[in-house]
Amino acid sequence: MSNIYTLREMFGGQWSSSARLDGKTVIITGANTGIGKETTRDLAKRGARIIMACRDLDKAEGAQNEIMEESGNQNIVIRKLDLSDTKSIREFAEVINNEESSIHILINNAGIMMCPYSKTADGFEMQFGVNHLGHFLLTFLLIDLLKRSAPSRIIILSSMAHSWGTIALYDINSERNYHSRRAYGQSKLANILFTRTLAKKLKDTGVTAYAVHPGIVRTELKRHMNLGLLIMWKIVRPFTKTPVQGAQTTIFCAVEPELDKESGGYYSNCRPSRCTRAARDDEMAEKLWELSCKMLRIVWD
């Protein structure tokens, strides 16, 4: 593969498919901005019923109105979800399980990046709590509905930043030593390990799982960057992706028919990609699964 082709794939382009999602119901977390909003826009145009799972309802309503007008799809609803609070996650899941007869695609998209040290409502380090534990609990609470709706898919947004982190089993909340970049890397590594174990546990259920690196994307996630990182961001910005481009691999994993036969993989630029050795450590993946269940006080065999 030529360097020119690689660069073009890395920094631009849109995935093209005429596949429809009529009759399918999709949940997208963080659907009101960035990659989540562009994913919502694309899947709405394909005829899906979209549930926008958002913390900021005002922003969500603005995005909802814009996308309904552009797509002509009026079947887009907003539901309150705060991934930093397990009470909110449980309330959201209860509404979905009571109101929806099926969920065909769950896109665990929302995230927080390199924020100052803080904790969730339940005392988890914020990045690990939102990016991993919040989506872990959400998936657990919706898994029976996803199984009843099979074939169905779970897409988990990770990042190449998974290479920045390790799973600190004995300091998972970074209480002894916090570094925003390493904590973000830990949460993104956890996303991939979660996907791998999830795929194994869901074998032969008709539910498949995919981890996604969207690329380096111009979104609001950079708002917590320090001065040094912001200077670096300005240098690389011409080579970054727009939110539309960043959404393409998520859309690919949600829509591509051939992926019904695949599960547990890591995708970038709309194709399978290579993750680090740490992200392929199935022993650590099992330990993380057990720890996540313990922290959330759930039993998920």
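Values in this text are rule-based calculations from the coordinates and carry no lab data. Keep in mind that this is a model prediction, so the values were computed, not measured. A quick note on method: Cβ atoms are made from the backbone with ideal geometry, for glycine too, and the neighbour counts reach across all protein chains shown.
Numbers for the structure displayed
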| quantity | calculated |
| --- | --- |
| Share, in percent, of DSSP beta bridges within the chain that are antiparallel, nearest 5 | 10 percent |
| Distance histogram for the range 123-163 (every C-alpha pair counted, 10 angstrom bins, percent rounded to whole numbers) | 24, 45, 25, 6 |
| The chain, dipole about Cα centre (Lys/Arg Cβ +1, Asp/Glu Cβ -1), debye to the nearest 20 | 760 debye |
| Three-way shape call for the range 47-118 based on the alpha-carbon gyration tensor, with the a/c threshold at 1.5 | oblate |
| Cβ charges +1 (Lys, Arg) and -1 (Asp, Glu), total dipole of the range 78-162, debye | 180 debye |
| Gaussian network model of the chain, Cα within-10 Å springs - most flexible of 257, 151, 272 | 257 |
| Peptide ranges 99-108, 152-161 listed from the most packed, as the mean C-beta count within 10 angstrom indicates | 152-161, 99-108 |
| Net length gained if the chain between residue 70 and residue 19 were fully extended (0.36 nm per residue, minus Cα distance) | 16.5 nm |
| Overall form of the chain per C-alpha gyration tensor (a/c, 1.5; a/b vs b/c) | rounded |
| Karplus 3J(HN,Hα) series, Hz, for the range 82-91 with 6.51 cos²θ - 1.76 cosθ + 1.60 (x for Gly, Pro) | 10, 6, 8, 9, 5, 4, 5, 5, 5, 5 |
| Peptide ranges 292-298, 33-39 listed from the most packed, as the mean C-beta count within 10 angstrom indicates | 33-39, 292-298 |
| Which of 146, 213, 276, positive extreme of dipole for the chain (C-beta unit charges) | 276 |
| Kirkwood-type radius of the range 32-78, with distances r between different C-alpha atoms, in Å | 10.1 Å |
